[in-house]
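Student: The structure under discussion is supplied below as structure tokens; questions concerning it will follow.
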Amino acid sequence: MPDLAIQTIELGKTYRSHGGEDRAAVNGLTLEVRTGELFALLGPNGAGKSTTVGILTTRVRPTSGTAKITGCDVAADPVAVKQRIGVVTQHNTLDRQLTVMENLEFRGRYAGMTTRQARKRADELLEVFSLTDRAGALVQTLSGGLAQRVLIARAIVHRPDVLFLDEPTSGLDPQTRVNLWDILRSMRTEGQTILLTTHYLEEAENLCDRIGVIDHGKLLTTGTLAELKAAVGDETVLTFTFSGDTEELAGKAQHAEAVTSAEHEGAVLRLHTAEPERALEWTLQTASELRLPLQDVQILRPSLESVFLSLTGREYRE
Amino acid sequence: MTTVAIADEAVVRPRGGKAHAFVTLLARDLRVARRDLVSFSIRSIMQPALFVFVFAYVLPRLGSHGGASPFAASHPGGISFSTILVPGLIATSILVQGLMATTAPLMMELSYTREIEDRVLAPIPTWALSVEKIVAGAIQALLAGLLVFPFVLLIHAKGQAPTLDFSRWWLLVTVLLLASVFTSAFAMLLGMVIDPRKLSTIFAIIVVPMTMLGCVYYPWAQLSSIRWLQYVVLLNPLVYISEALRAALTPEIKYIHVWILLLVLCGGIALTVTIASRAFVRRVVD
């Protein structure tokens, strides 16, 4: 298998609108996902995540650029790409006319397995996903969490090179979501290449080897969580609100050992620090010496949220 | 949760051909259809069977007592009404069940359930998926036509038996196959353009006029006494199916020239399959 599971170069999808302005859902997106990685495409709703996954899974035709799955071009050879991918779409697309078992069996057979191979593989997966007792159930009778498990099991019946999950946990209750995370983690351990999209920061932080931050159809940055945090600096931001002017305190803070930089505006003092505990202690002590009563303090530790804030200048909206 | 076993080497990674995927998709559709076999049969048989019961059995019997029935051997050369009905009712069955088998599930998959996204991911070209759906519908339409056969053949009053000629069996087989594919492709096209919420309206505005004006209950040649209608009904695909079945089964009744019929059916298939497949690809690939 090639080293790169997914490669896109300047990928674009523009929707022509009649009368109004054309809308670029994906806009010059260049991305590489290595074989064996669990990669998260993180962005707010409407950022272009689903369109990107749509192109990579041959369901959306790109209007510019190229995209390859394990070396196969999605536009030139969609059939070969379909053979190599497993997809969990945002909606429940289980075959409602078939049972749970048949859903898995037919997916394997579409991809070229014999009936026996497909049934054997389906049996294994039902066991692993704790679905064996539901094998004969019609999929309409399943709860949201169970249906999601069947969707994932079905997506890997034919051992795809790359598994795509488009917002796999949106709309699930917290417990079901955590269960899904366990499934994804164990798949990653076994070397399955996975690209998932999510608008939950914690999901990307908790699960993924690398994260790509996407907004307005553009990839803003990619890297491991540590790399992304390092890029914005591993500094905590402390924001204090006092009941008086903070000019004198800010002046002192500039020279304090634990503080990297300080800004102030009226009663608000903002400190950037690599040692938040020491900086907090220093501030409280100095403010008390200056008889400046504290009203509020906020601590923003380095996180994907601060990464997003520094990349876009906007608060992360889910 | 132990392992997901994706690294299990017991199964060789499949790399099936497109033909394999096509056949499997067809197998899936037929398995679903097989589950519905009882209600499918009832749907197929009920209307035509009752129709021949009333028009080929009840009314002629009433006529033989009252003496004024228009259905008792009223056609030229003593041809019974049931002889006219047999090809027409088989054609209607093929059309109606072709529509039911193709249009309704397609509408569901395209809109409400979006299941089509799953089928589209099977490793065949998207146009081939639409051809597969047409083939699956055609098989069911053909089956409906065959199911109706014994009923329209056997239900009739004494002396009202249909006079059928099976010597041109090769033409009959050809026409049945062409008619099934044509109606299924036509149904696919309808499924693409019609709003699913108006599914029941289809029957009122499409199926009813098509069957009433589809040369089901009268041969096309007899419409010569209403010239304008004779030309208008030529827009109705069912006319060609009914007439082609007449050409195959009841050659003594005057029918549209057989080569014209076959040409229209083949041309109709080429046109509807092409348009339906294109529309399908446009609809499911963004």
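The values are calculated or read from the model by the stated rules, or taken from the named source; none is laboratory data. Nothing here was measured: the structure is a model prediction, and the numbers come from that model. Methodologically, a virtual Cβ is constructed for each residue, glycine included, from the backbone with ideal geometry; neighbour enumeration extends over all protein chains shown.
Student: Can you find, within region B:185-208, the residue that is surrounded by the fewest Cβ atoms within 10 Å (Cβ to Cβ) among those that are without any contact (Cβ under 8 Å) to a residue 12 or more places away in the chain and in a helix (DSSP H, G or I)? Even if it seems obvious, please write down each step before you answer.
Tutor: From region B:185-208, those without any contact (Cβ under 8 Å) to a residue 12 or more places away in the chain are B:195, B:197-198, B:200-201, B:203-205, B:208; that's our starting set.
If we keep only those that are in a helix (DSSP H, G or I) as well, we get B:197-198, B:200-201, B:203-205, B:208.
Details: B:R197: 10, B:K198: 11, B:S200: 7, B:T201: 11, B:F203: 14, B:A204: 10, B:I205: 11, B:V208: 11.
So, considering only residues that are without any contact (Cβ under 8 Å) to a residue 12 or more places away in the chain and in a helix (DSSP H, G or I), the one surrounded by the fewest Cβ atoms within 10 Å (Cβ to Cβ) is B:S200.
Student: Can you find, within region B:160-176, the residue that is surrounded by the most Cβ atoms within 10 Å (Cβ to Cβ) among those that are modelled with pLDDT of 90 or more and out of contact with any Leu (no Cβ under 7 Å at 6 or more places or on another chain)? Reasoning before the result, please.
Tutor: So in region B:160-176, the residues modelled with pLDDT of 90 or more come out as B:169-176.
Filter once more, so that each one left must be out of contact with any Leu (no Cβ under 7 Å at 6 or more places or on another chain): B:169-171, B:173-174.
Details: B:W169: 11, B:W170: 9, B:L171: 18, B:V173: 11, B:T174: 16.
Filtering region B:160-176 for residues that are modelled with pLDDT of 90 or more and out of contact with any Leu (no Cβ under 7 Å at 6 or more places or on another chain), the one surrounded by the most Cβ atoms within 10 Å (Cβ to Cβ) comes out as B:L171.
Student: For region A:98-117, indicate whether the set of residues that are facing chain B (nearest Cβ under 8 Å), more than 26 Å from B:V285 (Cα to Cα) and either touching a strand residue (DSSP E or B) at 6+ places or on another chain (Cβ under 8 Å) or buried (at least 24 other Cβ atoms within 10 Å of the Cβ) (or both) is non-empty.
Tutor: no
Student: Tell me the helices (runs of 4 or more DSSP H) entirely within region B:223-286 that contain at least 2 residues that are at pLDDT 90 or above, more than 30 Å from A:G54 (Cβ to Cβ) and within 18 Å of the chain's Cα centre (by Cα).
Tutor: Working: elements: B:227-232, B:237-249, B:258-284.
Output list reads B:237-249, B:258-284.
Let's see how each residue does on (1) facing chain B (nearest Cβ under 8 Å); (2) among the charged types (D, E, K, R); (3) part of a helix (DSSP H, G or I); (4) surrounded by 18 or more Cβ atoms within 10 Å (Cβ to Cβ):
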| site | (1), (2), (3), (4) |
| --- | --- |
| A:K120 | yes, yes, yes, no |
| A:L125 | yes, no, yes, yes |
| A:D133 | no, yes, yes, no |
| A:G136 | no, no, no, no |
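Student: Continuing with the same structure: Which residue, of A:A153, A:A147, A:A204, is crowded, with 23+ Cβ neighbours inside 10 Å and within 24 Å of A:D133 (Cα to Cα)?
Tutor: Details: A:A147 fails: crowded, with 23+ Cβ neighbours inside 10 Å; A:A204 fails: within 24 Å of A:D133 (Cα to Cα).
Sole residue among the options that is crowded, with 23+ Cβ neighbours inside 10 Å and within 24 Å of A:D133 (Cα to Cα): A:A153.
Student: Could you please let me know if A:I69 is of a type in the set (A, V, I, L, M, F, W, C) and within 14 Å of chain B (Cβ to nearest Cβ)? If you could, list the steps in order and put the result at the bottom.
Tutor: Numbers: of a type in the set (A, V, I, L, M, F, W, C): yes; within 14 Å of chain B (Cβ to nearest Cβ): yes.
The answer is yes for A:I69.
Student: Being polar (S, T, N, Q), at the interface with chain B (Cβ under 10 Å from one of its Cβ atoms) and in contact (Cβ under 8 Å) with a residue 40 or more places away in the chain is the filter here, so list the residues in region A:46-66 that pass it.
Tutor: A:T51, A:T57
Student: So, in region A:186-211, of the ones that are farther than 11 Å from A:E37 by Cβ and of a type in the set (G, A, S), which residue ends up farthest from the chain's Cα centre (by Cα)?
Tutor: A:S186
Quick grid of which residues meet (1) away from chain B (no Cβ under 14 Å); (2) at pLDDT 85 or above:
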site	(1), (2)
A:G171	yes, no
A:V178	no, no
A:I183	no, no
A:T189	no, yes
A:Q192	no, yes
A:T197	yes, yes
A:L201	yes, no
A:N206	yes, no
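Student: OK, next. Output the number of residues of region A:36-69 satisfying the condition of being at pLDDT 90 or above, not in a strand (DSSP E or B) and not charged (D, E, K, R).
Tutor: 11
Student: Cβ contacts < 7 Å: first residue within 7 Å of another protein chain (Cβ to nearest Cβ), restricted to region B:111-126; second residue part of a helix (DSSP H, G or I) and surrounded by fewer than 19 Cβ atoms within 10 Å (Cβ to Cβ), any location; separation 6+ or different chain. Result?
Tutor: These pairs meet every condition: B:V120/B:V284; B:P123/A:V79; B:P123/B:K18; B:I124/A:V79; B:I124/B:K18; B:P125/A:V79.
Student: Out of A:L219, A:L228, A:L163, A:L196, which single residue is more than 26 Å from A:F106 (Cα to Cα) and in a strand (DSSP E or B)? Please lay out each step first, then the result.
Tutor: Details: A:L228 fails: in a strand (DSSP E or B); A:L163 fails: more than 26 Å from A:F106 (Cα to Cα); A:L196 fails: more than 26 Å from A:F106 (Cα to Cα).
The match here is A:L219.
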